[in-house]
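To start, the structure under review is shown below, and the notes come after it.
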Amino acid sequence: GYYLTFKKFTLKFSVLLFVSGVVITFIGTQILSYGSGAFEHGFYNYLTLNVAISAIGLFGILSDIKIYNSTIKKIIIQESKNSYGIYLIHMLILTLLMDVTFESYFPNHLFRLSVIAVSCYMMSSIIVNILKRIPVIKSLI
């Protein structure tokens, strides 16, 4: 992120990067999962090229957005203050969510992943907000 604040991409290029990363993730996961007969999550690992491409594209897109609504600005500022804590706790939440069988509730793979991602973010944010009320922990996150 630090380097990307100095290296500016056009909005079109940022969207291209993001969409490319998502498409690679989706198609790669489908191919690997079809071949093995079970869900393969190798394309979702943080250190894969497709995730890095998506992250760079998303950073570029979000860097270009101008927000004028004061309520939305306050929410973004609050969530940015919680981002480190969310980063630290989200893997625990994801692990717990993966133990829940969502296939019966959401048979569509793409929709299921979206529900898991949004749920993970919301749970992580709520937990961080609760933990920030504890004085000793507040300084750590």
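The values are calculated or read from the model by the stated rules, or taken from the named source; none is laboratory data. What you see is a predicted model, and the numbers here were worked out from it, not measured in a lab. All Cβ positions, glycine included, derive from the backbone under ideal geometry; neighbour counts span all protein chains shown. When the accessible area is computed, the model is the full protein with side chains, heavy atoms only, and any ligands, DNA or RNA have been set aside. Shrake-Rupley method; radii C 1.70, N 1.55, O 1.52, S 1.80 Å.
Among the helices of the chain, those built from whole DSSP H runs whose Cα atoms reach 24 Å or more along their own axis and whose mean Kyte-Doolittle hydropathy is at least -1.0 are 11-36, 70-99, 109-131. With a threshold of 20 Å on the Cα-Cα distance, the over-threshold entries among 81/138; 7/66; 81/132; 7/81 are 7/81.
Projecting the Cα positions of 120, 28, 75 onto the charge dipole of the chain (unit charges on Cβ atoms of Lys, Arg, Asp and Glu, taken about the Cα centre) puts 75 furthest along the positive direction.
Subtracting the Cα-Cα distance from 0.36 nm times the residue separation, let me have the gained length for residue 79 to residue 2 in nm, one decimal. Here the segment from residue 79 to residue 2 would lengthen by 25.9 nm. Taking only protein heavy atoms and a 1.4 Å probe, the accessible area of segment 50-92 is 71% carbon and sulfur.
Where a ≥ b ≥ c are the square roots of the eigenvalues of the C-alpha gyration tensor, would you call segment 1-122 rounded, which needs a/c under 1.5, or, failing that, prolate if a/b is larger than b/c, or oblate?
In terms of gyration-tensor shape, oblate.
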